[in-house]
Amino acid sequence: MSLLSQVFSFPLYGILLLSAGVAAADTLILPASVMDRTAVANVTYRLDHQITGSGHASIRWTDSLGRVVDDRTLPVELIDERDFSFSIDLRRAVAMKNTLHVHLSFDGKDMKQRAEHKDEDVEVSFVARPPDKQWRDYVIIMWQQYKKDLIPGLEKLGINAGQYSGRTNSLPEFFIDNNVRWYSEGIGTDFYSTYHQYRADRPYDWDLLQAEELLKQDPTSLEPFKRHPSFWDPVWRKKIHDRLVEDAKRNAPYRPVFYSLADESGIGNLAGFWDFDFSDQSLVPMRRWLHDQYHTLTALNREWGTNYTSWDLVTPPTTHDAMQRSDGNFASWADFKEWMDISFANALEMGTNAIHEVDPDAYVGVGGGQMPGWGGYDYARLTHALTAIEPYDIGSNIEIIRSLNPNMPMVTTGFANGKWEKHRVWYELLHNNRGLIIWDQKHEYVAPDGQPGQRGREAGAYYNELRDGVGAQIINSQLMTDRIAIHYSQPSMRTEWMLARKPEGDAWITRSAKAERTDNDFLRLRESWRLLIEDEGLQYNFVSYMQLEQGELLKGGYRLLVLPQSSSLSMAEVGAIREFISQGGIVIADGEPATFDEHSRRLSRSPLADLFGGPHDQAVTIRNFGKGKAIFLKTDTLNYHQNRLIHKEGPVHELVGNLLRSNGIRPEFAVTDAKGIPVVGVETHIYRNGGVRLITLISNPQLRVDELGPPDFHSNQRFENPVTVNIALPAPMYLYDMRERKALGQKRMLTVTVNPYEPILLAAAASPLPELQVSVPSEARRGDLIQLGFDLPHTPASVDVVHVDVLDPQGERAITYSGNVFTKNGHGIATIPFAVNDAAGKWTIKVHDLLSGREQSFPLSVN
C-alpha cells in the first residue's frame, strides 16, 4: 500500500552488486539491497573499465506485480570514466520485490584510443521495505497457504497477510511475488512448547505422557519433574537464540507482521499443572533468585518453615509433599511456582531480544496464549516479555493483557463461521484486538476458480469494513475506563488452587489443561466480576499485584478496587490498599483478603481484618476508613456469569449496581432500558480521540459458554435477539453513525437497537465535525507520483482515519493504491505512484472520513 502519512528510516544493509549474467562485467550499485520507501536513492552504473565517449542508458524499473514503475532514457557522456549515476524515487515503490534493468548503448574509445561499442544489459534486484513500522491498522491473516494465483481472491475479501513457518530456511516467494506480508510462525516451538507440539506419529502431549509414566513407575523420583529442555539449558538457549537471529535476518527486509516464538507454548502442556522444573539447570539459578529475595537463610527458613544450613541445599517440595503440610504454609511450593513463571517469561524475553538484535522494531509474540494461571501464564510478566500476542480468549486474558499493556497488539484466531463468528470478530476488535488469524483447513474462503467460497462470501463484507478504516479508527483511539480496578493476583491463584486441590490428594497428576479451565472457581469468579461490571455499563482495568505494590491505584486515579478472592497479599499491597481507602477510595472484597502472604503462607490474622474481617451477618458490610470505605460483599458473585444466561442475575446485579451508584460510580455515557436500568448483555466501550468520543455498543454473551458450567448454562439464547436501549450523553453532543455513514444531529439522548451480532459505532463531539477538505489533481500522466492532501480545519480529533479507494477506468479497486490515511491533528497526505503501464483513462478517487461518515468522489484523468 502506498498511502502514507508518515515516513520511516531503516539502516542500510550494505551494497548490492549484481549483473545480468556471468559474461557481463558492468554492474549496478545500489545504496543497499533493502531500502525504505521514503526518499530518492542514487544508483551507480559501473563499467568494467574507463572509457571516453557518449551514448544513452535505458532505465526500466519493474516490480513483482507486473508494474513498470519507471521507464526512461538518459544521455551518457564519459571522459576517461567508468561510472555514471542516476536516481530512483523510492516513494514510487508499492511492492516489496523490485528489479532495476539498465540497457547501455555506448560508442567511444578506451584508454588506448581503440574504438569501442558497448551494448550491455545489467540488472539488479532490491527490496522496498513495507512502510508499516507501527501496528496502526487492522490485519487479517490467512493461516493456511493458498496457491499463488488465488491470493488476489483473498485480498478482495480483505485478507491481507499470511503465515509462513519460521523453521524453514527459505522465503515465501509466493507471498513476496503477490506483495503480501506474513508472520513468521512457530520459530522455537520445540523449546517453548516441548510438551504440546505437533508430531505426525504421536499425540501432541507425548512428552508429558512419558513423564506421567515415569511417575507411575517411581512416585518418589524427581526425574518426571525435570523439564527437557530446561528453560535455563545454556545449549538450548544458544540454539534457539541463534535460530531466531537467523530467522530475523531472513525476514526483516520484508517486515513481518510479527514473529511468533512458538504456538501453544507453556511450562508443560498448555496451561496444565505439572511439577516442572527440578533439573539442576533450573534449581541453581532459582537458588540465586531466592537469595536475592530473602538475602539470608534465616529469612528463607522462617518463611518456608525449614532449617536449611546452606543455599546449595535449598530444594522446593513437590506438590505431593507440599500437600502433606497441615500448617497452611505453602511458601516453599509457591516460591517454586513463581520461579517457573519467571523462567518462562525470561525464556520468552530472551527470544524477543534475539529478534530485536536484527529487527529492533519487530513485534515478537507467541501464538495460542493460554488462560491466566499455570503453564507460565502470569500476564503481569508476559506483557513485558513480549511485544505482541495471539491469545485464546479464556479467563479474561484479553482484558488482562489490554489492562497491563494497552500498547501490546493482540490478534485472535477464528475457527468458525456464522453469525456468532461475526460477532466474535467485532467483539475482539472492541477488546483491543488489532487483527485476526483465520483457520481455514478446508480452503473455504476462495474456490479453485478464484471466486469466493462459502466462508469467503459470508465474511468478506465485514472483513472489508474492518480493513477499510473502521478497525484503524478504533485502534488509534484510547479506551476509557470508569476508574475501576480489578485485582489480578497470581499469588492468590496459587493459594486458591492449593486449597481447592489439597483435599483431592494426588488427583492433580491426571488433571488436564482443560480441567484447569473448566473446574476453576478462581477463574469463574474473575469472569463473573468482569461481566457484572460490564452489565452495569461500566469499564475497568485489571491491576496486577506488582502494580498495586507500586501505588498504581492512586497514580492511576482509580475510584474503586475489587478484590475477587484475593487471599494472598504482600505487605506492600496491604499498605497500598489502606492508603487508597484512606485517601477516599472504595474497596470491595467478596472474601476476606490477605489471609495468606504473597508466598502462600497462612497468617494468624489478616492485616486487613479490621477492614474486612467478620462477622458478616448482612449481604453488605461497610466500614469507613479515613475518607474511603471498605465493603465486604456476601452474595453469590461466583455464579453470576452463569445466572445471567437464564435471567437469574437480578439480585446480584441490582445489589452491586445500587452499591456502585450510591458511591458515585456511574458511567459517563449511561446505556439503559426503558425503565432506566443498565442492560444486561450489552457492553459499552467509550474511546477518546482528542475531543471526540467513540461510543460503541455490542451484545455481550458468555464466551466459551460450553465449558463454564453444567448443561443448563450451555446457551446464549438470551442474547440472540435485538435489544433497544437509550444512550444518555453527559451533555448535548453532535452524533455520527460511523457504520451507517450519516450525521444524527445534536442530541442529549439517543435510542438505538443493538443487533445481537454486530456493534453500533458512534462518534460524538461537542461541536459539529468539520468537513474534510481534499486536494486532488484533476489529471496525471502514467508514471507520475501524485499527492493527495487532507485537511480537517479545527477538528477536535487527534487521529481521524480517512479511507481512500482508487478505482481504475473499469471501476475496479486498485488495491495497491487504496488504503487508510492517518491524519494527525487534522492534516494528512497520501501518495499514489501510478505505473507507466497503468491503464489510461478516467480514474476515480473515493474518500471516506471514518468519524463523520462523509464520502467524496473525485475524477482523475490519467494519460
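The values are calculated or read from the model by the stated rules, or taken from the named source; none is laboratory data. Note that this is a predicted model, so its numbers are computed, not measured. Cβ sites come from the backbone with ideal geometry, for glycine too, and all protein chains shown count toward neighbours. When the accessible area is computed, the model is the full protein with side chains, heavy atoms only, and any ligands, DNA or RNA have been set aside. Shrake-Rupley method; radii C 1.70, N 1.55, O 1.52, S 1.80 Å.
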Efficiency by 1/(1 + (r/R0)^6): what FRET value for Glu349 and Thr315, r their Cβ-Cβ distance, R0 = 35 Å, to the nearest 0.05? 0.85
Pairwise centroid distance, computed over Cα atoms, of segment 51-118 with segment 224-291, Å: 51 Å
Give me the accessible area of Met371, 1.4 Å probe, in Å² rounded to the nearest 10. 10 Å²
Packing-ranked peptide list from 720-727, 191-198, highest mean Cβ count within 10 angstrom first, is 191-198, 720-727
Taking the alpha-carbon centroid of each part, what is the distance from segment 146-213 to segment 614-630 in angstrom? 54 Å
Considering only protein heavy atoms, with the full assembly of protein chains and a 1.4 angstrom probe, order Thr306, Thr352 by accessible area, largest first. Thr306, Thr352
Evaluate E = 1/(1 + (r/R0)^6) for Lys238 and Arg82, where r is the Cβ-Cβ distance and R0 equals 60 Å; express this FRET efficiency to the nearest 0.05. 0.85
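For the chain, with every protein chain kept in place, what is the accessible area per residue (1.4 Å probe, Å²)? Kindly include the intermediate steps, with their values, before the conclusion.
Numbers: 33580 Å² over 863 residues.
Computed with neighbouring chains in place, this is 39 Å² per residue.
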When only the heavy atoms of the protein chains count and the probe is 1.4 Å, how do Met738, Met749 rank by accessible area, highest first? Met749, Met738
Counting only the backbone N, which residues of segment 70-85 are under 18 Å from the spot 7 Å out from the Cα of Gln113 toward its beta-carbon? 79-81
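Can you check what the net charge comes to around Asp26, using other residues whose Cβ is under 10 Å from the Cβ of Asp26 (Lys, Arg +1; Asp, Glu -1)? Display every interim value, and only then the final one.
Details: positive: Arg46, Arg82, Lys118; negative: Asp48, Glu120, Asp121.
Net of charged neighbours comes to 0.
At 1.4 Å probe size, put His320, His641 in order of accessible surface, largest to smallest. The partial results should precede the final answer.
Numbers: His320 80, His641 5 Å².
My answer, sorted largest first, is His320, His641.
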Keeping all protein chains in position, work out how much accessible area Ile79 exposes to a 1.4 Å probe, and write it in Å² to the nearest 10. 130 Å²
Kirkwood Rh over Cα pairs of segment 334-426 into Stokes-Einstein at 20 °C, 1.002 mPa s: D in µm²/s? 152 µm²/s
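Explain nothing, just the number: dipole magnitude of segment 764-863 about its Cα centre with +1 on each Lys and Arg Cβ and -1 on each Asp and Glu Cβ, in debye rounded to the nearest 20. Don't jump to the answer; show the numbers that get you there.
On the way: 7 positive and 11 negative charges, 17 e Å.
Around 80 debye, computed over segment 764-863.
Pop out the carbon and sulfur fraction of the accessible area of the chain as a percent, whole number, probe 1.4 Å.
On the way: 16500 of 33580 Å².
C and S fraction of accessible area: 49 percent.
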log10 I(q)/I(0), Debye, Cα-only segment 296-451, no solvent, q = 0.09, 0.14, 0.20 Å⁻¹? -0.46, -0.85, -1.18
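If the chain between Ala515 and Thr753 were fully stretched, how many nm would it gain, using 0.36 nm times the residue separation less the Cα-Cα distance?
On the way: separation 238, 0.36 × 238 = 85.68 nm, distance 3.85 nm.
Stretched out fully, the Ala515 to Thr753 stretch lengthens by 81.8 nm.
Just to be sure I follow: if Rg is taken over the C-alpha atoms of segment 61-146 and Rh is the Kirkwood radius over the same atoms, what is Rg/Rh?
For segment 61-146, the value is 1.18.
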With a ≥ b ≥ c the root eigenvalues of the C-alpha gyration tensor of segment 389-504, is it rounded (a/c under 1.5), prolate (a/b larger than b/c) or oblate? oblate
Segment 310-325 and segment 521-535: distance between their alpha carbon centers, rounded to Å: 34 Å
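Rounded to the nearest 500, what is the 222 nm mean residue ellipticity of the chain from helices alone, with -39500 (n - 2.57) per DSSP H run of 4+ residues and division by all residues?
Numbers: 23 runs with 218 residues, N = 863.
When only DSSP H runs of four or more count, the value is -7500 deg cm²/dmol.
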According to the square roots a ≥ b ≥ c of the eigenvalues of the Cα gyration tensor, what is the shape class of segment 427-578, taking rounded for a/c under 1.5, prolate for a/b larger than b/c otherwise, and oblate for the remainder? oblate
Extent of segment 45-94 along each principal axis, from alpha carbon coordinates, in Å, largest to smallest? 39, 16, 14
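Once a ≥ b ≥ c are taken as the square roots of the eigenvalues of the Cα gyration tensor of the chain, is the result rounded (a/c under 1.5), prolate (a/b larger than b/c) or oblate (a/b not larger than b/c)?
Numbers: a/c = 2.37, a/b = 1.48, b/c = 1.60.
The shape class here is oblate.
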Whichever lysines have a C-alpha closer than 29 Å to that of Lys842, once near sequence neighbours (fewer than 8 apart) are set aside: Lys97, Lys156, Lys742
Mind grabbing the accessible area of Tyr687 for me, 1.4 Å probe, Å², rounded to tens? 10 Å²
Nearby lysines by direct alpha-carbon distance to Lys629 (threshold 23 angstrom, same-chain neighbours under 8 apart not counted): Lys555
